[in-house]
1. Calculate, for Asp78 and Gln30, the FRET efficiency according to 1/(1 + (r/R0)^6) with r their C-beta to C-beta distance and R0 41 Å; round to the nearest 0.05.
2. Test of understanding: ordering Met106, Met160 by Cβ neighbours within 10 Å, fewest first, what list do you get?
3. Taking 0.36 nm per intervening residue step and subtracting the Cα-Cα distance, what contour gain separates Ala64 from Asp208 on full extension?
4. When ranked by the protection proxy of mean other Cβ atoms within 10 Å per residue, highest first, what sequence do the peptides 147-154, 124-131 form?
5. Taking 0.36 nm per residue of separation and subtracting the Cα-Cα distance, what length does fully extending Thr52 through Leu150 add?
6. Please find the FRET efficiency linking Arg139 to Val198, where r is the Cβ-Cβ separation and R0 is fixed at 22 Å, and quote it to the nearest 0.05.
7. Have a look at Thr116, Pro142, Leu73 and report the one farthest towards the positive end of the charge dipole of region 23-207, computed about the Cα centre with Cβ charges (Lys/Arg +1, Asp/Glu -1).
Amino acid sequence: MQVPGPSDHGGPDSDQSAGGKGARPLTIIQNYLREHSLRGILGVVAEQYLGTLLRSLPGAEGIALRSLLYRGLFKRLDGFAFIYQGAYIDHCSGISAGRALSINSMAYVSGRGGLTIGDGVLIGPHAVVVSDNHNYKSRQTPISEQGHQLAPTFIGDDCMICANAIVLAGVRIATGTVVSSGAVVTKNTEPYSIVAGVPATHRRYRGDQNSESPSAASTEDSGTSP
């Protein structure tokens, strides 16, 4: 069903809008092949099948097997990773991660545009970390046919991305940052800062008791493990 918009009511460039043309599957496939090398495509296929086999495996053995799997799929993974049941990771060949990485259940992490993660990073349940976005500038071409804009994302050491938080493509999360639950990070953060809100803004620094408030303190309940 086509949803009415400005172009349906004589808005700017209404005669040139993509409108109801619909997306062409062949164009979408061609864009994907153009954006990826053969090795990258084979890696995505491998992570889809192997990830599906191990993603829902419970217990300590599930964590151990997923750590082993992603050690082979990531561009770099130092040491053991705690990847919990249900976490979804794609375009692994673009991800470099340090020691003691923890990704909780139902989180989504994508390395399509390049993702660097430092040591001791916690990513909470249902959090989203991405490194690409759809192009959408043209009105003449459906968004699904415009390809992707790749933007490397960086997360420094000792950071915590709390439950339901979103880190958008191209953002640098500085060392020691806490991204509060439900926050949407659209710009770079400062070292050892606590950010919250939509879009996320600086609230205070870790260990800064002078600026602590009940509302700020409550955002630190991350729902992360361990």
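1. Values: r = 37 Å, r/R0 = 0.90.
With R0 = 41 Å, the Cβ-Cβ based efficiency is 0.65.
2. By the 10 Å Cβ count, ascending: Met106, Met160.
3. Using 0.36 nm per residue and subtracting the Cα-Cα distance, I get 48.1 nm.
4. Working: 147-154: 17.5, 124-131: 23.1.
Top of the packing list down: 124-131, 147-154.
5. 32.7 nm
6. Values: r = 27 Å, r/R0 = 1.22.
Computed FRET efficiency for Arg139 and Val198 comes out at 0.25.
7. Result: Pro142.
Where a number appears in this text, it was derived from the coordinates with a stated rule and is not lab data. Note that the structure is predicted; figures quoted are calculated from it, not measured. Positions of Cβ are generated from backbone atoms using ideal geometry, with glycine treated the same way; all protein chains shown enter the neighbour counts.
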